[in-house]
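Below: the structure, in structure tokens.
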Amino acid sequence: MTKQVLIINVTRMGDLIQTGPLLSRLREEWPDVAIDLVVDRSFAPTASLLTGLRQVISCDFTRLLDDCRTQSRSLVALMSEMTGWAKPLRDAGYDRIVNLTFNRQTGLLASYIGASDLRGIIAGPDGGPTVQNSWLSYFTDLHRHRRFNRFNLVDLYAMGGSGPGSFSPLSVTVPIDGKAWAEGFLRSPDRAVRQWIAVQVGASDVMKAWRPEYFGRTMARLSHHPGVGFVLIGTVAEAEAIEQAKQTYRADGGTAPILDASGKTTLNQLVGLLSRCQLLLTNDTGPMHLAVGVGTSVIDLSVGHVDHNETGPYGPGHWVIQPDLACSPCGFDQICAHHACKDRLVLEEIVNLCLHAIGLAPFPSWSAGVRVYQSGADADGLGSFILRAGHVDASAAWYADFWRRFWYEDFTGTPSQLAPVSEPAPDRDQSLSWMKEAVQPLRQLEQHARYIAALTRRHPLPVSVLQREQALLRQEREQLLPRMMAHSVTGPSTVAMIRDIHNDDVVGLTMLADRHMQAYRRWQQRIARAGSLLSTTSAQIETQRRPLPMVPSAAAG
């Protein structure tokens, strides 16, 4: 019988494009699967570029959310409209629902439609949001341990919505009408242009956009190389930044043709245009993922709060330039007063990387103020980034590799194919000492949680004793949490425990107590496994470094 899967993704263009590998993974899991996709009405054209969908189902979610916020319509009327719209989906009998939009409203929608396998945000028994699936729980809390994260959003979608499998790149269809339009648009009066470089000056958030004048100067320097031309893309909202880049380009003596397509293209035309360009120089944007999807190389200027490990260009063939600053990338909730990260990127170095990306120059040398990554795919079939220039904090890099392997094995139950680490943790002695110290309080928490679970089974229920023990347990946990979060070897698994504790998707006091007891046990087991891996790795490395015993030669005998 054909399996049916419903994916809910109603937020941004880039998020939709990044679901492509999930579709491939689902077809690998179930070759005859029928996949439907729910999107906001404004993103229906973007969804049509994806392959492997049975149907795209759209709704004006933006209007509905606005009506909820402004209370312009009664809650009863809104619920009636939504349940009426969703009834055919409820009747479809989906085998799996994957909700990739992390808000309470879509959680209610996913739970209302229903399936035997619900993943992502759903509604708990009290209507509050809970997260199903370890990969998608990890994604929900990514901001709390992003320093150690090495999973791209694309892979979190694919692994959470399906599971491990072969690597699959981003892929979007190039519409015939868009391709034809692009061919006409690129008919430059200067027949000498052989390679078009697309440039997106703006971004949805000025925090993650390089300075417009820097784009202009970069293009001006590139323009002195024969055969190069430029295509500016972007929205009407980015017009001021684009004009500033053009003015700087002319003032700096730019000579190559520069075509401005910003605010003038349909989605199909933009896709056609990107498919005809040899390179896209861009901030972290939706069109960046479109370019990746049509096979155009990307240079991603990763500034502000952007972390390329999360949303950088996926799969082989792309480049990321990231400022080397202690505060980079900054937090999503921070307001930066200086944007100093944008001034760390050196124009000539970006020019030289652009030339390298289009085959006109070797890989350049780099100053000390940046890190340069080359995108790829790793042995586990996931996207990766390899450091090609610059330096990273040794401890952060070691633990990022450690947790990348740890979570893959924890969530999949299978060994990672990545090569084992070749050096001990920089703080191994302190970490092992701390983990030894943490064993007893962790065991006490689990025992205390088990005692509370036993109390809930007594008749009559000892309410006052139960309340006292719950308060004591919370106190013990809150005293331990800051110390666990402060250490690289225990922080990420502690974040996962907090999510487990708050994922109240069961009904009844005893079931809730059992769930909390399991969360403490899982926390203890993960800490123990991390300590075991740390000890084993250190012991193996020491064994490898130990000199071989001297063997007497035959002549000496």
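Structure notes:
- Nitroxide proxy distance, nm - points 7 Å out along Cα→Cβ at VAL507 and ARG54: 2.9
- Within the same chain, lysines fewer than 8 places from LYS342 are excluded, and of the rest, those with a Cα less than 16 Å from its Cα are LYS208.
- Answer label, with Cα extents along the principal axes in Å calculated from the coordinates and candidates (1) 103, 57, 52; (2) 92, 87, 51; (3) 83, 65, 36: (2)
- Spacing of the two label points (7 Å from each Cα toward its C-beta) at ARG187 and ARG529, in nm: 6.2
- Think of it as helices only: each DSSP H run of n ≥ 4 in the chain is worth -39500 (n - 2.57), and spread over all residues that comes to -15000 deg cm²/dmol at 222 nm.
- Length released on extending from LYS436 to GLN518, taking residue separation times 0.36 nm less the Cα-Cα span: 27.4 nm
- Summing charges over all other residues whose Cβ lies under 14 Å from the Cβ of GLU476, with Lys and Arg as +1 and Asp and Glu as -1, gives +3.
- The ranking of TYR451, TYR520 from fewest to most other beta carbons within 10 Å of each one's beta carbon is TYR451, TYR520.
- Taking the centroid of alpha carbons for each part, the stretch 238-307 and the stretch 408-426 are 38 Å apart.
- Extension gain, ALA394 to ALA326, is 23.2 nm, computed as 0.36 nm per intervening residue step minus the present C-alpha separation.
- Model label sites at GLN417 and HIS487, defined 7 Å from Cα along the beta-carbon direction, differ in position by 3.4 nm.
- Residues LYS208, LYS87 in ascending order of nearby Cβ atoms (within 10 Å, fewest first): LYS87, LYS208.
- FRET efficiency estimate (nearest 0.05) - Cβ-Cβ, SER367 to GLU476, R0 35 angstrom: 0.10
- Candidate aspartates and glutamates - alpha carbon under 16 Å from LYS179, same-chain residues fewer than 8 apart omitted: none
- Using a Förster distance of 51 Å, the FRET efficiency for ASP126-THR266 (Cβ separation, nearest 0.05): 0.70
- Sorting 109-120, 436-447, 124-135 by their mean Cβ neighbour count within 10 Å, with the most densely packed peptide first, gives 109-120, 124-135, 436-447.
- For the pair ARG146 and ALA180, the difference between a 0.36 nm per residue extended length and the Cα-Cα distance amounts to 8.0 nm.
- Highest-first arrangement of 31-42, 53-64, where packing means the average Cβ count within 10 Å: 31-42, 53-64
- Cross-link partners of LYS246 among lysines (Cα-Cα below 17 Å; sequence separation of 8 or more within a chain): LYS264
- Under Karplus coefficients 6.51, -1.76 and 1.60, residue-wise ³J(HN,Hα) of the stretch 102-107 in Hz, glycine/proline x: 8, 9, 5, 4, 6, x
- At an R0 of 35 angstrom, the distance between the Cβ atoms of THR536 and ASP32 translates into a FRET efficiency of 0.25.
Taken together, the values in this text are just the output of simple stated rules run on the coordinates, not laboratory data. Just so it is clear, the model here is predicted, and its values are computed rather than measured. Counting neighbours? That spans all protein chains shown, and the Cβs are built from the backbone with ideal geometry, glycine included.
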